[in-house]
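What follows is a single structure, written as structure tokens, with notes after it.
The values are calculated or read from the model by the stated rules, or taken from the named source; none is laboratory data. These figures come from a predicted structure and were not determined experimentally. Cβ placement follows ideal geometry from the backbone for every residue including glycine, while neighbour counts extend to all protein chains displayed.
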């Protein structure tokens, strides 16, 4: 089956960021798209509504039997469990079904030059920058990005041009589906790969760091022989991956990058500084300045994200330095990445997806860099599978160092986590207090909104960090203000 043969696709778990983007793409192709989900919230609910996707609330077999004819294909999201009644019905009744990564592999990626952006951090922003630059440079790329870009009209796009066109993919290491327990990026047929970082994450599916490393070893083993690897050597883990005998034997060209002074980095970023609303930096190739770039989104992590894209575009795809510079300067960012959601009474309220301690630390450092004169108030919800476990309990005590005041929510549902392995918000607040920080815990959103509102004054910056809906915390806070 190919894309042109699809008349009706039903998507179970349609409100996931990538699933929703795929649903909107199919709708634009003229496919009748229906989907179901348990949790619906912006921005994906807005994307689906605008796209005209028919959305069903809750998971049940009746969502499939309500149609006059069976859907041509049922796509089952990776958040769906094996006991999900709707997915179970589709499988048991012999419906044609697949995962999203497998659908991508078989329907699209066999014909494209696949540029996979992978790593623990920075995947969404880096793939968004790459797609934006290639659009501005006239490549007409395809792209598949796990976030809502402020620059691109869609999160999912397939080019109308010839075979071999670039296709930018956010390469997620999370597993594909309950019947296919391998990373999503195993299906992405990489030609060139950007590897931004490798740290421990996704504690619900990776029991230890060695299993994470094996997943990324698998990605590197799949780079096609004509491809390249662009690797951030700020991470010892990445140094280990690229020096492994199995990878070295394949003779895949590696272009290394990192922070200024990073050992073995060919490309580095020097003189990182703020100039008005822009973060500016020099690109050094073997210590020699080759470009001076400006980007609207702040932080050393975003400088490195942009640097990796420079290598892909200017070194490997021969985009001119001037075209790249102008395109990067116009890049506005991604929703839920340092996104200003409102300004009320002189107070800025910002939304960010950060949940891993490294992401929390780098995001807060970036905000302090851009807003040095503002008091930084941070609100954090432990919501991801890893942040709800105690694996990073100590690390979070260090991650909030840039913040002036910290409010920690009680963790999201921990019922599936053994008591001995559960993250403790109270312990984190205690650790922060011992470090001289002003930190408080709250147990529901309404209580948290009240506590934060009482502390705020004109000139403050509030950074709300969560990888989920946080039960509408930001909207409630803005309303309270």
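Side notes on the structure shown:
- So residue 351, is it in contact with a helix residue (DSSP H, G or I) (Cβ under 6 Å, 6 or more places away or on another chain) and either under 29 Å from residue 400 (Cβ atoms) or modelled with pLDDT under 95 (or both): yes
- Residue within segment 12-22 that is assigned to a strand (DSSP E or B), modelled with pLDDT of 95 or more and under 24 Å from residue 159 (Cα atoms) present: no
- Any hit, segment 31-39, residues being out of contact with any strand residue (DSSP E or B) (no Cβ under 6 Å at 6 or more places or on another chain) and surrounded by fewer than 13 Cβ atoms within 10 Å (Cβ to Cβ): yes
- Restricting attention to segment 47-84, the residues that are out of contact with any helix residue (DSSP H, G or I) (no Cβ under 9 Å at 6 or more places or on another chain) and part of a helix (DSSP H, G or I) total 1.
- Residues that are touching a residue at least 60 places away in the same chain (Cβ under 8 Å) number at least 3 in the following strands (runs of 3 or more DSSP E) confined to segment 404-481: 461-465.
- Screening residue 374 on (1) assigned to a strand (DSSP E or B); (2) touching a strand residue (DSSP E or B) at 6+ places or on another chain (Cβ under 6 Å) shows it passes everything except condition (1).
- Scanning segment 247-260 for residues that are part of a helix (DSSP H, G or I) and in contact with a helix residue (DSSP H, G or I) (Cβ under 7 Å, 6 or more places away or on another chain) gives a single hit, 247.
This table checks each residue for (1) over 19 Å from residue 101 (Cβ atoms); (2) touching a strand residue (DSSP E or B) at 6+ places or on another chain (Cβ under 6 Å); (3) at pLDDT 95 or above; (4) in a helix (DSSP H, G or I).
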| site | (1), (2), (3), (4) |
| --- | --- |
| 153 | yes, no, no, no |
| 160 | yes, no, no, no |
| 163 | yes, no, no, no |
| 168 | no, yes, yes, no |
| 176 | no, yes, no, no |
| 194 | no, yes, yes, no |
| 198 | yes, no, yes, no |
| 206 | no, no, no, no |
| 210 | yes, no, yes, yes |
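- Residue 150 vs. criteria more than 23 Å from residue 316 (Cβ to Cβ) and touching a residue at least 40 places away in the same chain (Cβ under 8 Å): yes
- When each of 63, 111 is tested for being in contact (Cβ under 8 Å) with a residue 12 or more places away in the chain and not assigned by TED's automatic domain parsing to the domain that holds residue 204, the lone residue that passes is 63.
Conditions (1) assigned by TED's automatic domain parsing to the domain that holds residue 454; (2) surrounded by fewer than 18 Cβ atoms within 10 Å (Cβ to Cβ); (3) at negative phi; (4) within 22 Å of the chain's Cα centre (by Cα), marked per residue:
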| site | (1), (2), (3), (4) |
| --- | --- |
| 346 | yes, yes, no, no |
| 353 | yes, no, yes, yes |
| 356 | yes, no, yes, yes |
| 360 | yes, no, yes, yes |
| 386 | yes, no, yes, yes |
| 394 | yes, yes, yes, no |
| 400 | yes, no, yes, yes |
| 417 | yes, yes, yes, no |
| 423 | yes, no, yes, no |
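Yes/no per residue for (1) surrounded by 18 or more Cβ atoms within 10 Å (Cβ to Cβ); (2) assigned by TED's automatic domain parsing to the domain that holds residue 193; (3) part of a helix (DSSP H, G or I):
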{"residue": "265", "(1), (2), (3)": "yes, yes, no"}
{"residue": "271", "(1), (2), (3)": "no, yes, no"}
{"residue": "283", "(1), (2), (3)": "yes, yes, no"}
{"residue": "289", "(1), (2), (3)": "no, yes, no"}
{"residue": "303", "(1), (2), (3)": "yes, yes, yes"}
{"residue": "308", "(1), (2), (3)": "yes, yes, yes"}
{"residue": "313", "(1), (2), (3)": "yes, yes, yes"}
{"residue": "319", "(1), (2), (3)": "yes, yes, no"}
